[in-house]
């Protein structure tokens with residue numbers, strides 16, 4: 001198989017070409033735009049399989065964690081090829097494993113933030129002077145969207161308490177990271193995901209972040225009875241550890257919101273180890289290590 005998805009840095013337009021090429025090679029992939037970023041870039045969902053319910057796997061919430069998008073696209077390509085050839089992926093016969101099941105992927109939740117972290121000032125448009133100031137002229141660790149809001153702090157899950165934690169750390173407005181906005185769901189990227197979850201029947205979600213090789217699986221007092229067992233299966237498959245977020249990492253996140261809103265399982269998976277942004281060359285070994293876990297996320 002000649003690879004479409006490579007371990008290369010993709011800006012928005014290059015990623016769009018990759019997705020278009022995947023859809024051309026595998027016509028059974030269904031692509032839909034679920035929203036647009038602050039700068040009008042399309043946020044796309046890719047659906048494989050047919051079902052009354054879907055698992056949902058999303059990536060690239062944070063600009064400096066854009067390697068998660070490459071890893072997820074690698075999985076989409078290998079899964080689609082296994083379906084096309086009636087072959088195997090991670091030991092699973094793809095067509096049989098997905099029989100009666102469906103999975104939705106959102107490869108890049110935050111396209112503006114990913115471009116800002118990758119391209120710097122060139123991706124900032126008419127906000128360049130403002131963003132340069134708050135980034136202190138260093139965009140490499142940029143996580144937020146174009147308006148300086150951290151998407152994974154912008155979901156309505158104990159959001160008020162999270163804002164108090166942010167303020168205690170001196171985060172009072174737009175920032176490269178960890179500013180949750182002026183209210184929950186204030187950002188178009190956040191709304192794209194919440195709308196998708198409210199209109200499709202999503203049985204569980206997984207959000208890919210980097211780094212740490214840990215799986216977060218719970219939130220507050222709301223715990224689906226299957227969540228712990230699913231997390232243990234994922235941890236055994238990947239060698240990742242189970243953990244519980246604390247402090248500024250607790251609340252406001254996508255899986256937190258999903259668990260609280262729908263009383264269904266949700267997981268945050270911190271892929272790889274090192275310092276963000278992880279080198280893009282790490283995408284292949286990271287993907288190889290978690291391929292089986294991603295397949296389990298798709299079919300459980």
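The values are calculated or read from the model by the stated rules, or taken from the named source; none is laboratory data. The model shown is predicted, which means the values in this text are computed figures rather than measured ones. For neighbour counting, all protein chains shown are included, and Cβ atoms are generated from backbone atoms with ideal geometry for every residue, glycine included.
Laid out as a table, the results:
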| quantity | calculated |
| --- | --- |
| So residue 212, is it in a loop (DSSP other than H, G, I, E, B), touching a helix residue (DSSP H, G or I) at 6+ places or on another chain (Cβ under 8 Å), touching a residue at least 40 places away in the same chain (Cβ under 8 Å) and more than 21 Å from residue 105 (Cα to Cα) | no |
| Matching entry among 76, 43, 19 (being in a strand (DSSP E or B), under 19 Å from the mean Cα position of the chain (by Cα) and surrounded by 15 or more Cβ atoms within 10 Å (Cβ to Cβ)) | 43 |
| Test: residue in the stretch 171-188 that is outside any loop (DSSP other than H, G, I, E, B) and either over 18 Å from residue 249 (Cα atoms) or at pLDDT below 95 (or both) | yes |
| Within the stretch 258-275, considering residues that are more than 17 Å from the chain's Cα centre (by Cα) and in a helix (DSSP H, G or I), the one nearest to residue 201 (Cα to Cα) | 262 |
| Which numbered condition residue 251 misses (of (1) touching a residue at least 60 places away in the same chain (Cβ under 8 Å); (2) in a helix (DSSP H, G or I)) | (2) |
| Selection count, the stretch 51-73, where residues are out of contact with any helix residue (DSSP H, G or I) (no Cβ under 6 Å at 6 or more places or on another chain) and part of a loop (DSSP other than H, G, I, E, B) | 4 |
| Residues of the stretch 108-138 satisfying the condition of being in a loop (DSSP other than H, G, I, E, B), over 19 Å from residue 193 (Cβ atoms) and under 23 Å from the mean Cα position of the chain (by Cα) | 124 |
| Filter result for residue 199 (more than 28 Å from residue 239 (Cβ to Cβ) and surrounded by fewer than 16 Cβ atoms within 10 Å (Cβ to Cβ)) | yes |
| Subset of the stretch 276-291 [in a helix (DSSP H, G or I), in contact (Cβ under 8 Å) with a residue 40 or more places away in the chain and either out of contact with any strand residue (DSSP E or B) (no Cβ under 8 Å at 6 or more places or on another chain) or closer than 22 Å to residue 113 by Cβ (or both)] | 280, 281, 282, 283, 284, 286, 287, 289 |
| Selection status of residue 229, under 23 Å from residue 291 (Cα atoms), free of Cβ contacts under 8 Å to residues at least 24 places away in the same chain and outside any loop (DSSP other than H, G, I, E, B) | yes |
| Residue check, residue 34 modelled with pLDDT of 95 or more, under 25 Å from residue 278 (Cα atoms), touching a strand residue (DSSP E or B) at 6+ places or on another chain (Cβ under 8 Å) and not in a loop (DSSP other than H, G, I, E, B) | no |
| Conditions (1) over 19 Å from the mean Cα position of the chain (by Cα); (2) in a strand (DSSP E or B): number failed by residue 105 | (1) |
| Total residues in the stretch 117-156, condition buried (at least 24 other Cβ atoms within 10 Å of the Cβ), touching a helix residue (DSSP H, G or I) at 6+ places or on another chain (Cβ under 7 Å) and within 28 Å of residue 246 (Cα to Cα) | 11 |
